[in-house]
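Asks: One structure coming up, written as structure tokens, with questions to follow.
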Amino acid sequence: MTFVELNKLTKRYGAMTAVNGVDLAIEKGTLVCLLGPSGCGKTTTLRLVAGFIKPSDGQIRVGGRVMSSASGSEPPEARNMSMIFQSYALWPHMTVAENVAYGLKLRKLGKAEIETRTNRILQATKLANLAARYPSELSGGQQQRVSLARALVVEPETLLLDEPLSNLDANLREEMRFEIRRLHDEFRYTTVYVTHDQTEAMTAANLIVVMKQGNIEQAGSPEDIYERPRSEFVAQFIGGSNIFRGKRVGDRSVDCGGLILDCGSGEFEGNDEVAVSVRHHDMHLTAEKPAGDPNNWATGKVARQVYLGSHRDYLISLPSGETVRAIAPVSVAIPENQQVWLHCPPDRCRALVH
Ligand code: ADP
Ligand code: MG
């Protein structure tokens with residue numbers, strides 16, 4: 001059942017269109033990530049959903065009720081939503097327990113109920129033993145937990161998160177990604193999670209919505225987005241891909257300046273100009289000239305090779321002057337400046353929409 005629905009949602013600031021006619025249906029109880037580079041309109045979309053800003057055009061419905069439209073908007077407090085910002089904005093003069101209980105006090109609940117609900121959420125967010133501390137006595141990760149606890153204690157139907165982990169160091173970020181997903185599964189609210197980090201999105205989301213310049217570029221499950229990108233933008237932004245541009249020469253073949261790529265998947269759309277993506281780790285490197293079918297084989301020189309423990313990261317210069325990247329097992333050790341051959345397996349070559 002669709003719970004949060006965006007119809008032609010648009011926000012303009014003067015001549016600048018921050019969100020450009022976005023259509024999106026979010027099922028109740030799912031976790032949706034808005035993913036995209038800085039400036040693509042993620043925060044603006046989230047603030048529109050929260051009701052902090054009004055749309056220039058289009059509508060937002062929640063549970064079938066119109067919450068925002070160009071003609072009027074329900075205030076944030078009437079939406080049963082909680083939003084968590086990049087900065088945790090905790091009250092410095094209140095303990096953890098007081099910070100968490102604050103939203104319930106505002107709602108004028110009874111003392112016993114405030115205590116029960118606060119304790120329950122402190123347990124769920126693993127903060128019970130820190131209840132009497134002040135924010136200045138907590139680590140960044142613990143402060144982030146308090147801001148989560150404070151958002152969840154009011155039992156919102158919808159939780160909105162704007163880059164919630166960007167102030168944490170790498171290890172904590174990884175732990176908190178799983179934590180956010182766990183809490184989501186425990187409390188079953190509908191979550192909209194904004195991030196520019198693809199690993200965060202892939203760990204947490206049921207549905208990833210990739211945004212570019214105020215538009216939705218592609219929406220799908222993490223596997224859809226990774227395995228079946230539709231455009232160059234998605235193929236490069238998620239997971240990293242080499243892009244070869246060329247002309248269609250056969251049913252599923254593309255001539256990229258003499259390199260013929262037979263493509264196992266993708267969309268040709270009757271277009272003669274085609275881009276083909278191949279993931280960095282799907283390029284197979286060898287130091288010996290291959291025999292047999294020359295299709296899907298490129299040659300070049302090793303421009304850079306870095307040993308990274310679990311793999312080697314290569315940059316290869318092609319005769320065309322282009323550079324491609326390849327991730328190879330540690331056992332494939334070819335020195336810089338040496339000629340190499342690169343295989344792009346047809347089932348890993350994907351034709352993209354321009
Ligand atoms: P993101 O969160 O994806 O980084 P934002 O939604 O914050 O992007 O911004 C989208 C675009 O809208 C950006 O180009 C930004 O500069 C512009 N923008 C956002 N808020 C305003 C504002 N209040 N006034 C003018 N332009 C804005
Ligand atoms: Mg933002």
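The values are calculated or read from the model by the stated rules, or taken from the named source; none is laboratory data. What you see is a predicted model; the values in this text were computed from it and never measured. Note that we place each Cβ from the backbone using ideal geometry, even for glycine, and neighbour counts take in every protein chain shown.
Asks: Do you know which of the residues in segment 31-45 that are of a type in the set (S, T, Y) and not in a loop (DSSP other than H, G, I, E, B) is farthest from ligand 2 (Cβ to nearest atom)?
Replies: So the residue we want is T45.
Asks: Quick one: is I216 outside any loop (DSSP other than H, G, I, E, B), in contact (Cβ under 8 Å) with a residue 60 or more places away in the chain and more than 9 Å from the chain's Cα centre (by Cα)?
Replies: Yes: the conditions hold for I216.
Asks: Need at least 3 residues that are within 27 Å of the chain's Cα centre (by Cα) and closer than 29 Å to V32 by Cβ per element, so show me which strands (runs of 3 or more DSSP E) inside segment 225-310 make the cut, counting only ones lying wholly within it.
Replies: Here the list reads 273-279.
Asks: Follow-up. When you go through (1) touching a residue at least 60 places away in the same chain (Cβ under 8 Å); (2) assigned to a strand (DSSP E or B); (3) of a type in the set (A, V, I, L, M); (4) closer than 16 Å to V66 by Cα one by one for V49, which number turns out not to apply?
Replies: Of (1) touching a residue at least 60 places away in the same chain (Cβ under 8 Å); (2) assigned to a strand (DSSP E or B); (3) of a type in the set (A, V, I, L, M); (4) closer than 16 Å to V66 by Cα, only one is false for V49: (2).
Asks: Restrict the check to segment 193-202 and report whether at least one residue is away from ligand 1 (no atom under 16 Å from the Cβ), free of Cβ contacts under 8 Å to residues at least 40 places away in the same chain and farther than 30 Å from R61 by Cα.
Replies: Within segment 193-202, not a single residue is away from ligand 1 (no atom under 16 Å from the Cβ), free of Cβ contacts under 8 Å to residues at least 40 places away in the same chain and farther than 30 Å from R61 by Cα.
Asks: Moving on. Filter segment 155-190 down to the residues that are within 16 Å of ligand 2 (Cβ to nearest atom) and not hydrophobic (A, V, I, L, M, F, W, C), then identify the one that is modelled with the highest pLDDT.
Replies: Checking each candidate, the answer is D162.
Asks: Suppose we filter E27, E98 for residues that are of a type in the set (D, E, K, R), modelled with pLDDT of 95 or more and under 27 Å from Q198 (Cα atoms); which single one remains?
Replies: Going through E27, E98 in turn, the sole match is E27.
Asks: May I ask you to list the residues in segment 214-230 that are under 18 Å from E269 (Cβ atoms) and out of contact with any Ser or Thr (no Cβ under 9 Å at 6 or more places or on another chain)?
Replies: If the condition is that a residue be under 18 Å from E269 (Cβ atoms) and out of contact with any Ser or Thr (no Cβ under 9 Å at 6 or more places or on another chain), then R230 is the only one that fits.
Asks: Still on this structure, I have one more. State whether one or more residues within segment 7-14 are under 16 Å from T190 (Cα atoms), away from ligand 2 (no atom under 16 Å from the Cβ) and charged (D, E, K, R).
Replies: Checked against the condition, which is being under 16 Å from T190 (Cα atoms), away from ligand 2 (no atom under 16 Å from the Cβ) and charged (D, E, K, R), segment 7-14 yields no hits at all.
Asks: State which residue is farthest from ligand 1 (Cβ to nearest atom) when the search covers only segment 150-186 and only residues that are in contact (Cβ under 8 Å) with a residue 40 or more places away in the chain and polar (S, T, N, Q).
Replies: Per the criteria, the residue is T158.
Asks: Further, regarding this structure: Give R248, R228, R279 a once-over and let me know the one that is at pLDDT 90 or above, surrounded by fewer than 17 Cβ atoms within 10 Å (Cβ to Cβ) and not polar (S, T, N, Q).
Replies: Exactly one of R248, R228, R279 is at pLDDT 90 or above, surrounded by fewer than 17 Cβ atoms within 10 Å (Cβ to Cβ) and not polar (S, T, N, Q), namely R228.
Asks: Please give the number of the condition G64 fails out of (1) in contact (Cβ under 8 Å) with a residue 60 or more places away in the chain; (2) surrounded by fewer than 16 Cβ atoms within 10 Å (Cβ to Cβ).
Replies: Unmet condition: (1).
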